[in-house]
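What follows is a set of notes on a single structure, which appears directly below.
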Amino acid sequence: MKNESNNWLGRLRSLTTLFTHKRTVKSARITYQVVWNLSLLFLIVLFIGGAFASGVGAGYFASLVKNEPIRPYENMKKDIYNYEETSELYFANDEYLGTLRTDLEREEVQLKDVSQFLIDAVVATEDEYFYDHNGVVPKAIMRALFQEFTNASVQTGGSTLTQQLIKNQILTNEVSFERKAKEILLALRLEKFFEKEEILEAYLNVSTFGRNSSGRNIAGVQTAAKGIFGVNAKDLSLPQAAFIAGLPQSPFGYTPFTRKGELKETLEPGLTRMKTVLQRMHDKGAITKDEYETAIAYDVTKDFIPAKSSSIEKYPWLTYEIEDRAVDILAKVLAEKDGYEENDLNENKELKEEYLTLANRNLRQNGYKIHSTIDKNIYDAMQKAKDEYPYYGPDKPQLKKDPETDENITVSEPVEVGAILIENHTGKILSFVGGRDHSREQLNHATNSFRQNGSTMKPLLVYAPAIELGKASPGTVLPDVALKLDPTNPEPWPSNYDLKYSGMVSARYALTKSYNVPTVKLYKDIIDYRPAAYLEKMGFTSLHKHDYTNLSTSIGSLVEGVTVEENTNAFATFANNGKFVDAYLIDKIVDSNGEIIFEHETKEVDVFTPQTAYLTIDMMRDVIKSGTAASIKNRLKFQTDWAGKTGTGNEFIDSWFVATNPNVTFGIWTGYDTPKSLKASTGELTYSLRTNYLWVDLINAAYDQNPELIDPDEPFKMPGGIVKRSYCAISGLLPSAVCERAGLVETDIFNMKYAPTETDSSLIEGKFVRVGDKKYLAMESTPDEFAEYGLILNPDFIKNIIGKDFPDPGQLIPKRDRWSRILAPHDKIVENGQVPDPPTITANGNIISWTQHPERDVIGYRIYNSNWEVVGIVKAGSPLNVSVGNGTYFVVAVDIDGQESSASNMVVLGQITTPTNEDNPIDDPEDVIDILDPILNRP
């Protein structure tokens with residue numbers, strides 16, 4: 001042990017001697033100086049190189065961003081928050097309908113309304129240093145510089161949330177270092193201007209999250225929460241939040257849904273990503289171990305919601321209609337902001353198209369809330385009633401082009417329908433039926449289909465304007481006879497739907513029964529006043545020049561046609577005391593900041609006086625009471641004060657019924673898209689009944705949902721200035737004593753300004769004669785035995801009402817009992833100034849007969865016996881024979897002036913007995929001849 005100690009001490013002394021040796025110390029000093037100098041030189045070179053590299057890097061960075069403008073706060077704020085947000089659609093009363101059709105659905109949400117789980121999950125996953133950095137992480141910048149100098153492939157991973165927001169909202173997805181440099185610069189600037197919470201909120205609204213359960217592309221956490229789990233963003237559970245937070249890295253790779261809205265067969269990528277998010281949340285301390293383990297074990301797939309039908313799928317006609325109208329409104333709003341007026345857009349097609357395009361883009365990007373007037377319950381009920389209606393009529397074949405092969409193919413075309421319900425005093429469109437099947441035909445038959453409106457035109461264009469002009473009243477008498485009102489047509493025109501005529505009828509009755517002839521006759525009388533201008537005031541938008549001059553316009557034959565909305569809206573004018581209120585469907589539009597940028601204002605247009613409106617309403621009441629719409633009464637679930645009009649288009653290709661009550665107006669059209677007759681085979685309901693019954697089913701459905709609206713308690717109120725007057729049913733004037741004796745006095749209501757003041761002179765009392773089946777006025781000299789006494793239409797009246805050339809004035813007399821005493825005389829018989837030729841008679845048994853006299857002025861015949869005693873008369877219009885007893889007879893003809901012909905040939909009937917006369921006996925037959933000779937040859 002002692003020896004070992006001595007050895008260790010010896011070695012220590014040797015080492016000490018080495019370090020203290022002069023030569024060794026000198027060598028060490030030299031080595032130290034060399035190492036120090038080299039180290040110092042390396043540090044200097046390193047510092048200079050670093051400074052040079054930094055300068056070069058900074059210079060290069062500056063060169064990359066030299067063209068990037070310095071963005072002020074306001075500009076950056078606008079850019080950051082300028083993300084597309086889907087506009088929302090609403091029924092009336094703020095009831096949610098759905099979203100506007102768009103390629104990307106997004107609903108904005110504030111940070112305070114986002115689950116803290118989701119906020120923590122996004123930060124932990126996408127940017128763990130979010131709350132610490134100033135927009136960028138330095139090591140990411142160094143990595144980018146290194147990649148550029150080494151010509152390595154550019155990678156953009158590792159961006160902060162701020163940088164991702166800049167890339168999405170201000171820059172593009174271009175993969176370049178220049179874009180990355182700008183991204184860094186703008187991220188630093190954004191962090192200077194905005195709070196972390198503002199940046200995070202914008203990011204959560206901007207990011208894309210794949211697809212929702214209906215297969216539509218979505219962006220923003222609120223849309224993702226609703227579209228994947230059916231909850232709001234603030235109500236997300238931890239596993240749900242983790243699943244959504246994992247989606248932005250690969251939205252369409254991790255999304256659980258396909259384009260068709262079906263669950264993917266493999267959900268593992270998204271679930272694995274969710275677990276990664278949970279792990280990072282736990283590692284960062286955002287959740288506890290228990291929360292982590294519970295969330296990991298949770299089966300989040302059971303929270304995926306099934307596919308929901310979009311507003312377009314469930315309410316296609318309504319969604320598109322709201323969209324179209326909203327674009328039109330927004331275009332006007334934007335144009336007005338730029339100093340243009342609506343007329344400027346209407347007169348400049350290019351300008352209008354420019355603003356429509358701008359409005360369309362804004363509507364899909366800016367998250368408007370569009371509130372409609374549609375009552376959801378009534379709308380749904382009407383669609384159900386429409387789908388269940390069994391009496392549309394037959395499908396009919398139609399030749400069409402196959403869009404794929406361009407060949408002609410025969411398809412089966414169904415009867416279509418368009419209907420609309422409008423609130424009178426506001427103009428709100430409460431509901432409509434756009435068609436039977438949107439997947440087959442997308443045309444909205446209620447708002448965009450222009451069709452001939454048939455007889456529903458009559459109150460709008462003829463009767464109401466004529467009443468307004470003082471040219472007609474409900475009691476005005478009109479001729480329903482075979483008139484030739486078209487100068488280009490040699491045949492009578494128009495005809496009535498039943499191809500019959502009813503003689504003289506009141507305007508009320510003509511409208512009730514929907515007669516065409518009296519309507520066109522009245523229209524011809526007022527056409528110089530341009531009554532089509534009233535249609536303009538009532539919202540008809542497609543009138544052409546010829547619609548103002550064609551007589552056929554009065555019965556609904558338009559150049560282009562009218563929509564169900566326009567036609568129905570016009571009828572509401574009568575319910576509004578003669579004021580037109582334009583129908584509308586968009587109540588208001590609210591922007592994403594809650595500011596109302598448009599709100600509808602109801603405006604009234606004076607069209608008719610209240611007196612005209614009420615008189616027309618009262619006439620149309622009879623259409624439902626006893627006219628062409630009487631079939632609806634027993635099918636309605638309720639009874640209210642309805643007034644309406646049916647209509648049929650030319651050749652039965654359109655069928656209409658429009659009716660109004662004090663609250664609402666409801667109109668319907670049915671027909672084929674390719675015009676063809678609605679008539680069906682024998683045994684089926686007529687086309688008009690099918691239309692009327694469908695009208696009833698739809699309005700009954702509306703009544704079930706809102707009885708107070710559809711069935712008002714009060715009837716239409718009669719305005720002042722309406723009086724009740726008796727009038728003569730022949731002329732419409734005050735009744736004369738003759739008219740009263742004829743039993744032709746009627747009573748109706750009138751505008752006091754235009755009530756009749758003249759007394760009727762259309763009837764006269766006098767003699768007439770019959771010739772064949774015609775009646776003629778007698779002369780003063782006409783023998784009374786050949787004339788009849790009665791009530792006769794004044795020839796001057798006839799000439800005034802139908803013209804002097806009308807061939808058959810007898811058509812004026814209605815075929816009704818109380819008119820049987822009235823005579824409509826034909827032209828007067830002109831006496832030819834000559835004594836009639838004698839007739840030739842024959843005998844058969846006790847019957848003497850002869851033929852019709854060839855002269856027109858012969859009005860009858862006298863039968864004489866041998867004593868020149870008149871034994872009978874026969875009028876020219878009666879059977880030309882007479883039954884007599886035994887004896888000798890002859891006949892003479894009598895003309896209208898009372899002149900007799902010479903005697904006809906003589907006929908002897910039966911055995912002649914010679915009278916006994918003792919003072920003057922006749923014993924020789926020759927004496928008989930002597931006696932008769934002067935009789936037979938009497939001039």
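The numbers here are math on the coordinates, done by the rules we state, and not lab data. Just so we're clear, the structure is a prediction, and the values are computed from it rather than from any experiment. Positions of Cβ are generated from backbone atoms using ideal geometry, with glycine treated the same way; all protein chains shown enter the neighbour counts.
Using Cα pairs under 8 angstrom and six or more residues apart, how large is the relative contact order of the chain, in percent?
Once normalised by length, the contact order is 8 percent.
Enumerate by residue number the chymotrypsin sites (Phe, Trp or Tyr not before Pro) in the stretch 409-469 meeting two conditions: DSSP loop (anything except H, G, I, E, B), and at most 16 other Cβ atoms within 10 Å of the site's Cβ.
Passing both the DSSP loop test and the Cβ count: Phe450.
Cys728: net charge of surrounding residues, Cβ under 12 Å, Lys/Arg +1, Asp/Glu -1, itself excluded?
-3
Which of Tyr96, Leu165, Val605 sits closest to the plus end of the dipole of the chain, meaning its Cα is farthest towards the positive end, when Lys and Arg get +1 and Asp and Glu get -1 on the C-beta?
Of the listed residues, the answer is Leu165.
Per-residue counts of other Cβ atoms within 10 Å, averaged by peptide: what ranking do you get for 114-123, 97-106, 588-597, highest first?
In decreasing order of mean packing, 114-123, 97-106, 588-597 become 114-123, 97-106, 588-597.
Add -39500 (n - 2.57) for each DSSP H run of 4 or more in the chain, then divide by its residues: what number comes out at 222 nm, to the nearest 500 deg cm²/dmol?
Helices in the chain give a 222 nm mean residue ellipticity of -11000 deg cm²/dmol.
Mind checking which aspartates and glutamates have their C-alpha under 16 Å from Lys400, skipping anything on the same chain fewer than 8 residues away?
The reachable aspartates and glutamates, counting only those whose Cα sits under 16 Å from Lys400, are Glu413, Glu441, Asp673.
Just one of [x] -0.20, -0.45, -1.28, -1.50; [y] -0.24, -0.52, -1.23, -1.41; [z] -0.41, -0.68, -1.16, -1.26 is log10 I(q)/I(0) by the Debye sum over Cα atoms at q = 0.04, 0.06, 0.10, 0.11 Å⁻¹ as worked out from the coordinates here. Which one is it?
Derived directly from the coordinates: [z].
Which order do the peptides 340-350, 607-617 come out in when sorted by mean C-beta neighbours inside 10 angstrom, highest first?
Highest mean packing first, the order is 607-617, 340-350.
Using a 10 Å cut-off around each Cβ, can you sort Tyr515, Tyr864, Tyr389 from fewest to most neighbouring Cβ atoms?
In increasing order of surrounding Cβ atoms, one gets Tyr389, Tyr864, Tyr515.
Count neighbours as other Cβ atoms within 10 Å of each site's Cβ, and list the GluC sites (Glu not before Pro) in the stretch 728-781 that are DSSP loop with at most 10 such neighbours.
When the GluC sites (Glu not before Pro) of the stretch 728-781 are filtered for loop state and at most 10 Cβ neighbours within 10 Å, Glu758, Glu780 remain.
Please give the charge dipole size of the chain, origin at the Cα centre, charges +1 on K and R Cβ atoms and -1 on D and E Cβ atoms. Round to the nearest 20 debye.
With Lys and Arg at +1 and Asp and Glu at -1, about 6940 debye.
Roughly how many whole Å is it from the C-alpha centroid of the stretch 590-609 to that of the stretch 273-340?
So the two Cα centres are separated by 31 Å.
Going by average Cβ density within 10 Å per residue, which order do the peptides 314-322, 702-710 take, highest to lowest?
Most protected by this proxy first, the peptides run 314-322, 702-710.
Which pairs break 21 Å Cα to Cα here: Lys376/Lys579; Lys625/Lys753; Lys428/Lys579; Lys484/Lys537; Lys603/Lys753; Lys484/Lys521?
Pairs exceeding 21 Å: Lys376/Lys579; Lys625/Lys753; Lys484/Lys537; Lys603/Lys753.
Which lysines, on any chain, are close to Lys302 with Cα under 20 Å apart, when same-chain ones fewer than 8 places away are left out?
Output for Lys302: Lys226, Lys234, Lys260, Lys264, Lys275.
What is the stretch 723-823's relative contact order, in percent, from Cα pairs under 8 angstrom and six or more apart in sequence?
Once normalised by length, the contact order is 24 percent.
For the charge dipole of the chain, defined by +1 on Lys and Arg C-beta atoms and -1 on Asp and Glu C-beta atoms about the Cα centroid, which residue among Gly393, Leu356, Ile624 has the Cα displaced farthest towards the positive pole?
Final value for the positive-end residue is Leu356.
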